[in-house]
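Worksheet: one structure, shown below.
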Amino acid sequence: MSTTSSRKRLRFDRAEIDRQAGQCRVRVTLALGQLIFHADAEDSADGTGPLKAAAAATLKAVQEAAANRFSCSLADLDHVNALGKELIAVLVDVNFEARDVQVFGSCQITDNEIDSAVKSALNATNRFFELATRQ
């Protein structure tokens, strides 16, 4: 049983960013047990563009890992200062079992803002991922 429960948790592996001509492409890699999921997204190389691309790529990978049992897309992303901590916060539009909801996720910025954007998207969607992948 412990193998089954460990497979239910998506794990962030890495995010790779490629910047060219004012645009950036972020490739996010997530793991679910031995399964690996990759997804890419593009946005502007300026401002929060790379962070939005990272979050959007994460949401694509989460959706794929859940066998498209729910859909999700990035509604908004921002830097937030809450209780003296710098965070990346995301709003995600989710459609699950014919219902539309908007969920919030956040992650404290440590060293890498791109990684924090990925983790914010995972934070927003982890409950839906668990519900969608129940047997």
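Would you check which residues across the range 70-90 are surrounded by fewer than 18 Cβ atoms within 10 Å (Cβ to Cβ) and under 19 Å from VAL26 (Cα atoms) and list them?
SER73, ALA75, ASP76, ASP78, HIS79
What number of residues in the range 54-109 are on the phi > 0 side of the Ramachandran plot and touching an Asp or Glu at 6+ places or on another chain (Cβ under 8 Å)?
Within the range 54-109, residues that are on the phi > 0 side of the Ramachandran plot and touching an Asp or Glu at 6+ places or on another chain (Cβ under 8 Å) number 0.
Answer yes or no: is there a residue in the range 108-128 that is part of a helix (DSSP H, G or I) and more than 21 Å from VAL26 (Cα to Cα).
For the range 108-128, residues part of a helix (DSSP H, G or I) and more than 21 Å from VAL26 (Cα to Cα): present.
One residue is enough: does the range 53-69 have a residue meeting the conditions at pLDDT 95 or above, within 14 Å of the chain's Cα centre (by Cα) and more than 21 Å from ARG11 (Cα to Cα)?
no
For THR58, all conditions in the list (1) in contact with a Lys or Arg (Cβ under 9 Å, 6 or more places away or on another chain); (2) free of Cβ contacts under 8 Å to residues at least 40 places away in the same chain; (3) β-branched (Val, Ile, Thr) hold save one; what is the number of the exception?
THR58 satisfies all of (1) in contact with a Lys or Arg (Cβ under 9 Å, 6 or more places away or on another chain); (2) free of Cβ contacts under 8 Å to residues at least 40 places away in the same chain; (3) β-branched (Val, Ile, Thr) except (2).
For the range 60-67, state whether one or more residues are more than 28 Å from GLN20 (Cα to Cα) and surrounded by 14 or more Cβ atoms within 10 Å (Cβ to Cβ).
Scanning the range 60-67, I find at least one residue that is more than 28 Å from GLN20 (Cα to Cα) and surrounded by 14 or more Cβ atoms within 10 Å (Cβ to Cβ), so the answer is yes.
Report whether or not ARG19 is assigned to a strand (DSSP E or B) and not polar (S, T, N, Q).
So ARG19 passes the test.
Select from the range 69-111 the residues that are aromatic (Phe, Trp, Tyr) and free of Cβ contacts under 8 Å to residues at least 40 places away in the same chain and list them in ascending order.
The answer is PHE96, PHE104.
Inside the range 115-130, can you point out the residues that are surrounded by fewer than 20 Cβ atoms within 10 Å (Cβ to Cβ) and in contact (Cβ under 8 Å) with a residue 60 or more places away in the chain?
Listed by number, the residues that qualify are ASP115, ASN126, GLU130.
Taking the range 26-35, which residues are among the aliphatic types (A, V, I, L, M) and closer than 19 Å to ARG134 by Cα?
LEU30, ALA31, LEU32, LEU35
The values are calculated or read from the model by the stated rules, or taken from the named source; none is laboratory data. Since the structure is predicted, the reported quantities are computational estimates derived from the model, not experimental observations. Heads up, the Cβs are rebuilt from the backbone with ideal geometry, glycines too, and the neighbour counts pull from every protein chain shown.
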